[in-house]
């Protein structure tokens, strides 16, 4: 058998072994902690601003259980200059209604 033909296979195999040995795998049980100064109001206010609404300082955000559905939470966001009803939709644009 031609040894030169095996060389790429050996190099690739060695690279894969080194990659597996040196890569770090996050702990499956580790939980991501939000920053201490981040509140639900701040997070929802960012989403509202991304869609062009004004929200100077987010004061509070309370979940609206009567309008929420299982996978579509609705929040009432109070900013210093306006209030909004925000339905968080996930990967799509959120539904925002100025109150």
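The gain in end-to-end length when the residue 72 to residue 39 segment is fully stretched comes to 10.0 nm, 0.36 nm per residue minus the alpha carbon separation.
In terms of its alpha-carbon gyration tensor, region 40-98 comes out oblate; a/c meets the 1.5 threshold, while b/c is at least as large as a/b. A simple spin-label model places the labels of residue 50 and residue 85 2.3 nm from each other, with each point 7 Å out along Cα-to-Cβ. The stretch between residue 98 and residue 63 holds 11.0 nm of extra length on full extension. This uses 0.36 nm per residue minus the Cα-Cα distance.
Laboratory data are not the source of any read-out in this text; all were calculated from the coordinates shown. These numbers were taken from a predicted model, which means no experiment stands behind them. Neighbour counts run over all protein chains shown; Cβ positions are idealised from the backbone, glycine included.
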